[in-house]
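Engineer: Take a look at this one; I'll ask things after.
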Amino acid sequence: MSEMNDATTGPTIREVGATAIGAHTTVTIGGMTCAHCANTVAQAIFDVPGVIAVKVFLEEGKAMFDTNAEVSLADVALSVEKAGYKLVF
């Protein structure tokens, strides 16, 4: 599996089932084409318990989020998929 994070944004998480604890994580999002898409993805990630901040970059197809608790990337992926988008690995 590919890395979900680059070296400048914090710990690298390599598995979808991995957890981010108090981490700053960057993920690639598939399917975003407009500002509404980016807002929908941001809300989907923010709705995951333990996520405290989200920033989505439409042009890059990326989302960064901070957590203050153990957060399963599988939960983030599921929330994003329920909103109609996809984490790209």
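Since every read-out is calculated from the coordinates, none of them should be taken as a lab result. Given the structure is predicted, the values throughout are model-derived calculations rather than measurements. A quick note on method: Cβ atoms are made from the backbone with ideal geometry, for glycine too, and the neighbour counts reach across all protein chains shown.
Engineer: As I understand it, the dipole of the range 21-88 uses +1 on the Cβ of Lys and Arg and -1 on the Cβ of Asp and Glu, about the Cα centre. Which of 41, 67, 31 lies farthest toward its positive end?
Structural biologist: Going by the charge dipole, the pick is 31.
Engineer: Follow-up. Based on the Cα atoms of the range 21-88, what semi-axes does the equivalent ellipsoid have, where each is the square root of 5 times one gyration tensor eigenvalue, given in whole Å with the largest first?
Structural biologist: Each semi-axis is the square root of five times an eigenvalue, giving 18, 12, 10 Å.
Engineer: Could you work out how much longer the chain between residue 78 and residue 39 gets when fully extended? Use 0.36 nm per residue separation minus the Cα distance between them, nm to one decimal.
Structural biologist: 12.4 nm
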